[in-house]
Amino acid sequence: MPWFLWLFAAAALGAVEFFTLTLVFGLLAGAALVAAVVAGLGIGVFGQLLALAAAAAAGLLLVRPVALRHMAQTPLTNEGSDALIGKRAEVMQEVTATRGLIKLSGEPWSARALDESHVIPVGALVDVMEIEGAIAVVYPRELLP
């Protein structure tokens with residue numbers, strides 16, 4: 001079997017992987033590349049199929065489980081608004097259950113109180129409990145256990 005047919009199969013499998021993102025077709029594309037190299041060395045069809053099977057088995061049984069485990073891990077650092085959760089902020093305008101303004105990481109942020117019954121005065125220190133869109137949900141620091 002000519003090597004360029006294996007190369008075509010690898011390209012087709014790579015394109016399918018691009019749209020499915022399962023890691024299966026990409027590993028099979030790699031195995032087809034191995035078969036293309038074997039075909040390019042002048043080894044017969046049986047050797048090419050054996051190389052394809054060995055590379056596919058190695059990819060699917062060894063590489064894919066490790067890659068899936070790695071992709072399932074949570075990132076070690078928080079990014080974006082998630083990085084602001086747990087930070088301390090200072091109240092710039094009184095914070096109520098519906099509105100307020102805090103200084104968080106040197107920038108003004110809209111805020112609301114976590115507990116609807118709390119009214120947090122100007123100058124108080126608060127902890128950011130969560131971020132809802134562009135609004136920081138805060139709780140007064142002196143009331144934390």
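The values are calculated or read from the model by the stated rules, or taken from the named source; none is laboratory data. Small disclaimer: the values here were computed from a predicted structure and weren't measured. A quick note on method: Cβ atoms are made from the backbone with ideal geometry, for glycine too, and the neighbour counts reach across all protein chains shown. Remember, those area values only see protein heavy atoms, side chains included, never the ligands or the DNA or RNA. Shrake-Rupley method; radii C 1.70, N 1.55, O 1.52, S 1.80 Å.
A few comments on the model shown:
- The residue that is farthest from Met71 (Cα to Cα), counting only those in the stretch 9-61 that are β-branched (Val, Ile, Thr), within 26 Å of the chain's Cα centre (by Cα) and assigned to a helix (DSSP H, G or I), is Val16.
- When Thr77 is tested against (1) in contact with a helix residue (DSSP H, G or I) (Cβ under 7 Å, 6 or more places away or on another chain); (2) open to solvent by 80 Å² or more (accessible area, probe 1.4 Å), only condition (1) is not met.
- Among the residues making up the stretch 111-143, those that are of a type outside the set (D, E, K, R) and open to solvent by 60 Å² or more (accessible area, probe 1.4 Å) are Leu114, Ser117, Val119, Pro121, Val122, Leu125, Met129, Gly133, Ala134, Ile135, Leu143.
- A single entry from Ile120, Ile131 fulfils the requirement of being of a type in the set (A, V, I, L, M), over 19 Å from Ser81 (Cβ atoms) and either out of contact with any His (no Cβ under 6 Å at 6 or more places or on another chain) or modelled with pLDDT of 95 or more (or both): Ile120.
- Residue list for the stretch 91-110, filter: open to solvent by 70 Å² or more (accessible area, probe 1.4 Å) and either charged (D, E, K, R) or at positive phi (or both): Glu94, Arg99, Lys103, Ser105, Glu107
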